[in-house]
Amino acid sequence: MKKKYFKKGEKIIEEGTLSDCAYIIESGRVQVSKTMSNGEEQVIGILEENDIFGEMSLIDSLPRSATVLALEDCTISVMTQETFNHLAQHNPQSLMPMLRVLAKRLRSTLALVENLQEGKPPPSAG
């Protein structure tokens, strides 16, 4: 996988743009945020070393669902569609960490929806 370097404050991906790759943080921390319907930016998470992001667009080729900003200088490995397809065909077990991330994020989203339906406020992003 190719490595990319981002400086503190640099935008890595932007919500709504098209792309077909995922990123694995080798070093540094990033902030994930989403633009709300009222135009405000809401931080939805902080990711650090060994975390993955951008995996949804890699899998479904739809526009990015969030913006990711480098909170400090970062080294990031890029997983292209070609790499993903090669792993899926020749070493599908290697994709388990990404599937676990997707499952964990889906569970978090379902819990958030359930809390909102019960009238509980959403937790603040950490």
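Going toward the positive end of the dipole of the chain, with +1 on Lys and Arg Cβ and -1 on Asp and Glu Cβ, which of Pro97, Ile76, Ala22 do you reach last?
Final value for the positive-end residue is Pro97.
Based solely on its DSSP helices, what 222 nm [θ] is calculated for the chain when runs of n ≥ 4 H residues each add -39,500 (n - 2.57) and the sum is averaged over all residues, nearest 500 deg cm²/dmol?
-9500 deg cm²/dmol, from helical runs alone.
In whole Å, what are the Cα extents of segment 1-75 along the three principal axes, biggest one first?
33, 25, 16
Work out, in µm²/s and without decimals, the Stokes-Einstein translational diffusion coefficient of the chain at 10 °C, 1.306 mPa s, Rh from Kirkwood over C-alpha pairs.
103 µm²/s
Contact order normalised by length for segment 1-75, with contacts defined as Cα pairs under 8 Å and 6 or more residues apart; what percent is it?
Result for segment 1-75 is 50 percent.
Separation between the Glu10 and Ser27 pseudo-spin-labels, each 7 Å from Cα along Cα→Cβ, expressed in nm?
1.4 nm
Quote the charge dipole size of the chain about the Cα centre in Debye, to the nearest 20; the model charges only the Cβ of Lys and Arg (+1) and of Asp and Glu (-1).
Charge dipole, the chain, about its Cα centre: 160 debye, nearest 20.
For labels at Met36 and Met1 in the simple 7 Å Cα→Cβ model, what's the distance in nm?
3.2 nm
For the cross-link pairs Lys2/Lys120; Lys7/Lys104; Lys4/Lys104; Lys2/Lys34, which exceed 32 Å when the distance is taken from alpha carbon to alpha carbon?
Lys2/Lys120
Relative contact order (percent) for the chain, with alpha-carbon contacts under 8 angstrom and 6 or more residues of separation?
Computed value for the chain: 34 percent relative contact order.
Bear in mind these aren't lab numbers, they're just calculated from the coordinates by the rules spelled out. The shown structure was predicted, so the numbers you read here are calculated from the model rather than taken from an experiment. Note that each Cβ is placed from the backbone with ideal geometry, even for glycine, and that neighbours are counted across all protein chains shown.
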